[in-house]
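Reading through the structure tokens given below for one structure.
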Amino acid sequence: MTPILPDDRAELPEDRAELIAAARAAMAGAYAPYSGFQVGAALRFADGTVVTGSNFENASYGLSLCAETVAAALASQQGHRAGLVAVAIAGGPGGVPGAVVTPCGRCRQVLHELAALGGTDPLVIATGAQETVDMRLSALLPLAFGPANLEP
Ligand code: THU
């Protein structure tokens with residue numbers, strides 16, 4: 001199956017910059033007392049909606065939630081389950097961007113679930129202080145397991 005991208009607006013410079021700015025702004029909401037690494041994620045949907053999230057850590061470290069996962073759960077809760085077209089991520093120690101932040105393996109799977117609901121292959125915009133890397137989610141998580149796999 002070739003995933004489709006129903007709305008290319010997220011690839012336009014102004015929308016791109018706006019989404020990156022939203023991810024950077026979301027870093028301020030991070031609860032990251034253990035790692036000190038604050039991350040923000042911004043999800044753009046085909047209808048123009050932007051949902052953001054930030055990491056939410058736990059005293060039982062391994063239970064911490066990443067920014068992308070928080071954003072995806074919030075989007076679902078708010079009824080945005082179709083048309084995920086782009087995801088921007090920003091983060092760094094103390095909330096200061098450094099190296100490019102790409103989604104962890106678990107977040108790739110979580111984002112795939114949300115994307116699969118609308119049949120999109122979102123652009124993932126991973127940002128750092130100096131550089132930005134754009135990748136399709138399908139390139140970050142090839143041959144992903146998803147809802148379709150559970151169909152008989
Ligand atoms: N983290 C994210 O929120 N997203 C990523 O893409 C990478 C890692 C969080 C998890 C943890 O709270 C902190 O960054 C350090 O790993």
Crossing angle, helix 105-118 versus the chain [Cα axis fit, 0-90 degrees, rounded to tens] = 40
key: Phi-based couplings in Hz for the range 90-103 (Karplus 6.51, -1.76, 1.60; Gly and Pro marked x)   = 9, x, x, x, x, x, 10, x, x, 5, 4, 9, 9, x
key: Rh (Kirkwood; distinct C-alpha pairs) - the chain, Å   = 15.2
query = Round to a whole number: what % of the accessible area of the chain belongs to carbon and sulfur, probe 1.4 Å?
reply = 58
request  = For the chain, report the accessible area per residue in Å² (1.4 Å probe, heavy atoms, rounded to an integer).
outcome  = 50
key: the chain, dipole about Cα centre (Lys/Arg Cβ +1, Asp/Glu Cβ -1), debye to the nearest 20   = 320
message = For the chain, what does the relative contact order come out to in percent, with C-alpha contacts under 8 Å and a separation of six or more?
response = 22
key: Summed residue charge, Cβ within 14 Å of Pro97's Cβ, Lys/Arg positive, Asp/Glu negative   = 0
remark   = With the charge dipole of the range 5-152 built from beta-carbon charges (+1 for Lys and Arg, -1 for Asp and Glu) about the Cα centre, the Cα from Gly128, Gly48, Gly62 projecting farthest to the positive end belongs to Gly62
ask   = How many percent of DSSP beta bridges within the chain run antiparallel, rounded to 5?
value = 75
ask   = Residue by residue, what Karplus-based ³J(HN,Hα) values in Hz, rounded to whole numbers, does the range 138-152 have, using 6.51, -1.76 and 1.60 with θ = phi - 60° and x for Gly and Pro?
value = 5, 7, 7, 9, x, 6, 5, 7, x, x, 4, 5, 8, 6, x
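The values are calculated or read from the model by the stated rules, or taken from the named source; none is laboratory data. Just so it is clear, the model here is predicted, and its values are computed rather than measured. Cβ coordinates were reconstructed from backbone atoms using ideal geometry, including for glycine residues, and neighbour counts include every protein chain displayed. Each accessible area value is taken on the protein alone, full model and side chains, heavy atoms only, with ligands, DNA and RNA left out. Shrake-Rupley method; radii C 1.70, N 1.55, O 1.52, S 1.80 Å.
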